[in-house]
Structures are given as structure tokens and as C-alpha cells.
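The values are calculated or read from the model by the stated rules, or taken from the named source; none is laboratory data. This is a predicted model, so every value here is computed, not measured. Here Cβ is always computed from backbone atoms with ideal geometry, including for glycine, and neighbour counts include all displayed protein chains. Side chains are part of the model used for accessible areas, which takes the heavy atoms of the whole protein and leaves out ligands, DNA and RNA. Shrake-Rupley method; radii C 1.70, N 1.55, O 1.52, S 1.80 Å.
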Amino acid sequence: SLDDQAVMMYGTCQDISKRKQREEALRVSEEIFRSNFENAASGIALLDENGSWLKVNAKLCEIVGYTKDELLDLSFQDMTHPDDFDADLNLLHELVEGKRSYYQLEKRYFHKKGHVVYILLAVSIVKNKDGNVLYFIAQINDISKLKRAEIKMKSLIAENAALMDAMTKV
């Protein structure tokens with residue numbers, strides 16, 4: 001009887017080697033990004049459109065003194081010195097509006113222990129195909145030693161100028 005016999009078989013055969021190659025290339029690319037992100041000499045973070053930290057690397061944690069979990073409960077606004085907040089926010093708005101592709105700014109964060117950390121911040125934006133913000137990429141470098149040396153040098157120059165002024169009046 002025909003019920004017990006295979007009469008015909010249908011199927012397709014596809015060469016998936018190109019797809020597998022693309023998948024492997026994507027996996028390698030993601031691994032390279034992850035490794036560079038985690039082991040960078042600069043602080044690096046991904047932030048959402050509200051300024052909350054989505055992903056942070058170990059160097060950023062070292063710069064500001066927070067653990068990754070602690071940082072993820074904060075936003076950049078929580079750590080920014082109040083005198084630097086408006087300049088940062090204005091540049092961020094220009095970035096969102098497409099008036100610039102990135103910005104760089106010297107600003108201050110508050111370290112977990114309360115002291116000021118001077119940073120050089122560089123921010124770029126990633127948008128989806130509809131132009132909505134997916135996330136911001138922030139690169140943060142600690143320039144505290146440089147800023148303190150600059151402040152001391154300005155103070156010494158001012159003292160020297162005052163001394164020279166006093167000597168000319170004698």
C-alpha cells in the first residue's frame with residue numbers, strides 16, 4: 001500500500017557559509033568593542049537620553065570612586081558640579097538637535113568621597129534610523145593633576161605680579 005511507502009520528498013538546500021561568516025565577524029567585532037570598552041585607559045560610558053548611566057567601564061569607576069552598580073543608580077547630573085551643569089546641558093541639547101556631532105568640555109564631577117575631580121569630557125550621540133536618541137557615548141579623562149598645577153601656576157603668577165607692582169611703588 002502507498003501508506004507505508006515514501007513517494008516523494010521535498011526540501012531545500014542552502015549554503016549558509018556567508019551568513020555564518022557574517023555572524024562570526026559580528027561576534028569578533030562585538031568582542032573587540034567589549035574588550036576595548038572595559039580595558040580603556042579613559043573612562044567610557046553609555047548613557048540614555050535622560051543622562052542615566054547604562055554601561056560604564058572600570059576606569060570611570062576609578063576616576064569617580066563609585067562601583068559599577070552605584071554608578072548605574074546615578075545620572076551624570078547627580079555627579080556634576082552645579083557651576084558646570086548648564087554648559088554641559090546646553091551642549092547636550094545641541095547634540096540632540098543635530099547642531100553638532102560631538103562636544104568636548106572641561107568640567108567637574110564630585111568623587112564619591114566628596115572632593116572635586118576635574119575631567120575632560122567628550123560626548124557623541126547614537127540615534128536610530130528615525131533620528132531618536134539610542135544613547136550617548138561619553139569619554140572621560142581625569143585632568144585633576146593638570147588643573148591643580150594650572151591653578152597653582154596662576155596663583156604664583158598673580159603673587160609675582162603683585163610683588164613686582166609693590167616693588168615698583170617703593
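Helix-derived [θ] at 222 nm for the chain: sum -39500 (n - 2.57) over DSSP H runs of at least 4, divide by residue count, nearest 500?
On the way: 6 runs with 80 residues, N = 170.
Calculated mean residue ellipticity at 222 nm is -15000 deg cm²/dmol.
Compute, for Glu38, the solvent-accessible surface of its heavy atoms (probe 1.4 Å) with the complete set of protein chains present, and express it in square angstrom to the nearest 10.
That residue has around 50 Å² of solvent-accessible surface.
Just going by the charge dipole of the chain, with Lys and Arg at +1 and Asp and Glu at -1 on Cβ, which of Met164, Val28, Leu92 is farthest out on the positive end?
Ranked along the dipole, the leading option is Met164.
Quick one: length gained pulling Glu97 to Lys154 fully straight, 0.36 nm per residue minus the C-alpha distance? Can you show the working numbers first?
Numbers: separation 57, 0.36 × 57 = 20.52 nm, distance 3.74 nm.
This chain segment gains 16.8 nm when fully extended.
In the full protein assembly as shown, how much of Thr67 is accessible to a 1.4 Å probe, in Å² to the nearest 10?
About 70 Å², ignoring ligands and nucleic acids.
Could you tally up the Lys pairs in segment 90-166 with alpha carbons closer than 17 Å? Skip any pair fewer than 8 positions apart unless they're on separate chains. Walk me through the intermediate numbers first.
Numbers: Lys99/Lys127; Lys107/Lys145; Lys107/Lys147; Lys145/Lys154.
So the count works out to 4.
If I ignore ligands, DNA and RNA and count only protein heavy atoms, how much of Lys99 is accessible to a 1.4 Å probe, in Å² to the nearest 10?
150 Å²
Which residue, Asn39, Asn160, Asn128, tops the fluctuation ranking in a GNM of the chain built on C-alpha contacts under 10 Å?
Checking each option, the largest mean-square fluctuation is seen for Asn160.
Multiply the residue gap between His115 and Lys145 by 0.36 nm, knock off their C-alpha separation, and tell me the result in nm, one decimal place.
On the way: separation 30, 0.36 × 30 = 10.80 nm, distance 1.32 nm.
Gain on stretching His115 to Lys145: 9.5 nm.
Expected output is a single nm value to one decimal: the length gained when fully extending between Ser17 and His81, i.e. 0.36 nm times separation in residues minus the C-alpha distance. What is it? Don't jump to the answer; show the numbers that get you there.
Numbers: separation 64, 0.36 × 64 = 23.04 nm, distance 5.35 nm.
Length gained, Ser17 through His81: 17.7 nm.
From the phi angles alone, apply the Karplus equation (6.51, -1.76, 1.60; θ = phi - 60°) to segment 96-111 and give each ³J(HN,Hα) in whole Hz, x where the residue is Gly or Pro.
5, 6, x, 6, 8, 9, 6, 8, 10, 7, 8, 8, 10, 10, 8, 5
Hey, can you find the accessible area per residue of segment 65-170 for me, probe 1.4 Å, expressed in square angstrom?
Numbers: 7050 Å² over 106 residues.
That works out to 66 Å² per residue.
May I ask you to give the percent of accessible area on segment 25-170 that is carbon plus sulfur, with a probe radius of 1.4 Å? Intermediate results must be reported in sequence, preceding the final value.
Values: 5060 of 9220 Å².
On segment 25-170, the fraction of accessible area on carbon and sulfur atoms equals 55 percent.
Collect residues whose amide H, placed 1.01 Å from N in the peptide plane, falls under 5 Å from the amide H of Tyr135; neighbours closer than 5 in sequence don't count.
Answer set, sorted by chain and number: Val126.
Taking every pair of alpha-carbon atoms in the chain, what share in percent sits in each 5 Å bin, from 0 to the bin with the longest distance?
With 5 Å bins starting at 0, P(r) equals 1, 7, 12, 15, 13, 10, 8, 6, 5, 5, 4, 3, 3, 2, 2, 1, 1, 1, 0, 0, 0, 0, 0, 0, 0, 0.
With +1 on the Cβ of every Lys and Arg and -1 on the Cβ of every Asp and Glu, and nothing else charged, how large is the dipole of segment 99-163 about its Cα centre, in debye rounded to the nearest 20? If you can, show how the numbers build up before the last one.
Values: 13 positive and 5 negative charges, 31 e Å.
Rounded to the nearest 20 debye, it is 140 debye.
Check the straight Cα-Cα distances from Lys59 and name the aspartates and glutamates below 19 Å, setting aside those fewer than 8 residues away within the same chain.
Glu31, Glu38, Asp69, Glu70, Asp73, Asp78, Glu106, Asp142
Let me know the charge dipole size of the chain about its Cα centre in debye, to the nearest 20, where only the beta-carbon of Lys, Arg (+1) and Asp, Glu (-1) is charged.
Approximately 780 debye in magnitude.
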